[in-house]
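Laboratory data are not the source of any read-out in this text; all were calculated from the coordinates shown. Not measured: the values here are computed from a predicted model. Reconstructed Cβ throughout: ideal geometry from the backbone, glycine too, with neighbour counts over all protein chains shown.
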Amino acid sequence: MRFRAKIVDLACLNHFSRIINTIAKLAKTCILRLTVCKLYFILSDKVANGGASMWCELSQGNFFDEFQMEGVAAEHNEIYLELVPENLSRALKTAQNAKAVKIKLTNKHCPCLSVAVELPSLSSSSRIVTHDIPVGVIPRRMWNDFKEPSVPDFDVSIYLPALKTMKSVVERMKNLSNFIVIEANLSGEMNLKIETDLVSVTTHFKDLGNPPWASEDGCESNSQGRDLESMAEACIDIKKLQQLLAGQQVNPTKALCNIVRKRIVHFILLHEEVSLQYFIPAVA
Amino acid sequence: MKCVIGGAQLRVFGRAIHAIARISDEFWFDPIEKGSVLPVFRCVNVLERNVERCSISTNPSDHHITFQLLCRHGVVKTYNLTFQDCDPLQAVFARHMCPNILKVHSRLLADVMIHFPTSQEEITLSVTPMKVCFKSYTEEDTDFSRTMLTEIQLSPEEFDYFQVGVDSEVTFCLKELRGLLVFSEAASVPVSIHFDRCGRPIAFSIEDLLLEASFILATLCEAEKEAATPEPACCPRPWDSSRTGMDKSDQPSMDGARNADTATSKKPQQKGNTPSMISAKPSNALAKQEVKNIPRGSERDVPGRAGAAMAKAAGGKATEAPYEKFHSLFFGAVSYKEKETIGDNFQSLVTASDTEEEFGALQSSQVL
């Protein structure tokens, strides 16, 4: 099992760092899956994670100048590592003006991702900062736990309002309640609601638009015949939503959510080179 | 950590020194008399803008020290604090005897330390004539599967002065050092690092026209099996000559505690252990460090072992952390005219513990 990669371009490095920072805000521990073409950051929906799960996918070619990996076996040419994304975030934080960053899978005292940052210095030779981030190697037999989640059979799919606006609304609501209700309909309307003994607050968004989803048999999306005004709602943990919104450092190209009435809310945030899916289950 | 906060507070004070018009006394005071002095100088920016003068006076009989901040618009803030006498102790450390000397701008050190998490307590400095390396320190029983390790390699060319007489690897407390780094960055002066093999102290010093500061930290010595109860290092007191006994301050500053914060704050007797002496008469500033000659008898025996701590407990805590921790922070305002009387009394503040006999007659202002 081998892995080595190198980033030389500063813009790519900054972009990569931002993605890692976002992941670090969403998960204390997560799985890094490496394949020949892609990197995945995966959080499975175990109880320990509060039921929320995450799937983040990026193409290595968009970030790395060099990328070589050898998986556990020829027919399973993948590597699954468990790590603390905050460590990776920290290692990259001070690499803002690096000449190069190399990431390597090593085994010193234990399996590690070694991040070596080459920094400019006043002398002829560079400064090298090395961070050894401990990782856990996930054995092949457990790989099935980390499959890509399928898009749920949702009741409503709607584009999100401007994330900055949504974030400030949710942050204020967080002070009042632990749970928030997201509801939306197929007419581009969304409400965020909280309700406590003392107060209830609702923020209304409209003209958001509903993304067209082609159904599997190629027909038009099956919203025809459905009541376009009826709201599908789910009550979720407000902190999880706030973490998702707070972690976004760059505006995504597309941001939408799929609501399964009283079951789960599925957020999809798409950037040019990276896609992030986040599932927050509804509370009873 | 006393020194850390001291540094930050004294940074303010260093700036305030320029504005001091009148001081009634030279004295030692403990920057962190349980946090009571720090609040006086809390807001640095506000201080710089508003305070015109700072007058500090003491009332020894009453055990009161008064800080008066004379601010703009006729506002006068007066702080009355009580203090306790502290006993004079001495750090013994001869900087000029150190085979390894590095001199570097504080900016570089700050750039290096930024890569370590703020929670990183101890750091190892490893030098050979070819390279310098700072790395996170790990104990033997560290759980590596949970700990992120960081290492920075520098080339000797990055240092203003680089002398490595002996390859060495010394481990010391980073947290304590950060205060000095903040201070020296504010003062924008180079930092000199003097050290030796592991176990022997490491000194970080900065020097400026108006003040000089020195941090002397103990380093971890892995090879030594003997436990040492560290002797807290104190600065001598220039004006209180009545107390030269070391009765109170012989307490070990830690009982295996690795956290110097708790160590130094636990024992009330040790309040005087990290004094920072500000003697600030800008026009006639004299480093009046009338170091009293501490009678040898009152010190514990020094078996001549590495480490700036002067005492060793026989037996003691062999299994507990042998890490000696102490620190002393010396500040002095220096003028170019030194009176002879001062010169005579001016004993070396720091001499190597095991060469003290040789240095008995030597009078050199090592710290300054």
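Order these by the 10 Å Cβ neighbour count, fewest first: A:Glu171, A:Glu272.
Details: A:Glu171 14, A:Glu272 10.
If I rank by nearby Cβ atoms, fewest first, I get A:Glu272, A:Glu171.
Take each residue of peptide A:127-137, count the partner chain Cβ atoms within 10 Å of its Cβ, and average: the result is 6.
The alpha-carbon atoms of the stretch A:1-132 define a convex hull whose volume equals 112 cubic angstrom per residue. Peptide packing for A:254-260, B:160-166 was compared via the average number of neighbouring C-beta atoms within 10 Å per residue; ordered from the highest value, the list is A:254-260, B:160-166. Restricting the GluC sites (Glu not before Pro) of the stretch A:48-90 to loop positions (DSSP other than H, G, I, E, B) with no more than 11 neighbouring Cβ atoms within 10 Å leaves A:Glu75. Legend: mean number of C-beta atoms from other chains within 10 angstrom of residue C-beta atoms, peptide A:117-126, equals 4. Inter-chain Cβ neighbour count for A:83-92, averaged per residue, equals 2 (cutoff 10 Å, partner chain atoms only). Result for chain A in a Gaussian network model with C-alpha springs under 10 Å: among A:Trp213, A:Trp143, A:Trp55, the largest mean-square fluctuation is at A:Trp213. What separates the Cα centres of the stretch B:137-199 and the stretch A:107-159 is a distance of 29 Å.
The packing ranking of peptides B:211-218, A:243-250, highest mean first, is B:211-218, A:243-250, where packing means the average number of other beta carbon atoms within 10 angstrom of each residue. The orientation-averaged shadow of the Cα convex hull for chain A, equal to a quarter of the hull surface, comes to 17.9 nm². For B:Leu209 and A:Ser124, FRET efficiency with R0 = 30 Å and r from the beta-carbon atoms, rounded to 0.05? Here the calculated transfer efficiency is 0.35. Across the stretch B:121-134, in residue order, what do the Karplus-derived ³J(HN,Hα) couplings come to in whole Hz, using 6.51 cos²θ - 1.76 cosθ + 1.60 with θ = phi - 60° and x for Gly and Pro? In residue order, the calculated couplings are 7, 10, 9, 10, 9, 10, 10, 9, x, 9, 7, 10, 9, 10 Hz. Fewest neighbouring Cβ atoms within 10 Å first, the residues A:Val283, B:Val132, A:Val8 line up as A:Val283, A:Val8, B:Val132.
Please compare each pair in A:Lys102/A:Lys174; A:Lys93/A:Lys239; A:Lys25/A:Lys193; A:Lys46/A:Lys174 to a cut-off of 31 Å on the Cα-Cα distance and tell me which ones are over it. Distance filter (> 31 Å) returns A:Lys102/A:Lys174. Of A:Cys37, B:Cys98, A:Cys30, the sequence from fewest to most neighbouring Cβ atoms within 10 angstrom is A:Cys37, B:Cys98, A:Cys30. Go through A:Asn97, A:Ser44, A:Cys12 and say which Cα lies farthest out towards the positive end of the charge dipole of the stretch A:2-145; charges sit on Cβ, +1 for Lys and Arg, -1 for Asp and Glu. Result: A:Asn97. In this structure the amide hydrogen of A:Asp155, modeled in the peptide plane, comes within under 5 Å of the amide hydrogens of A:Ile259, A:Val260, A:Arg261, none closer than 5 places in sequence on its chain.
Counting every alpha-carbon pair across the stretch A:91-237, the share separated by more than 22 Å comes to 66%.
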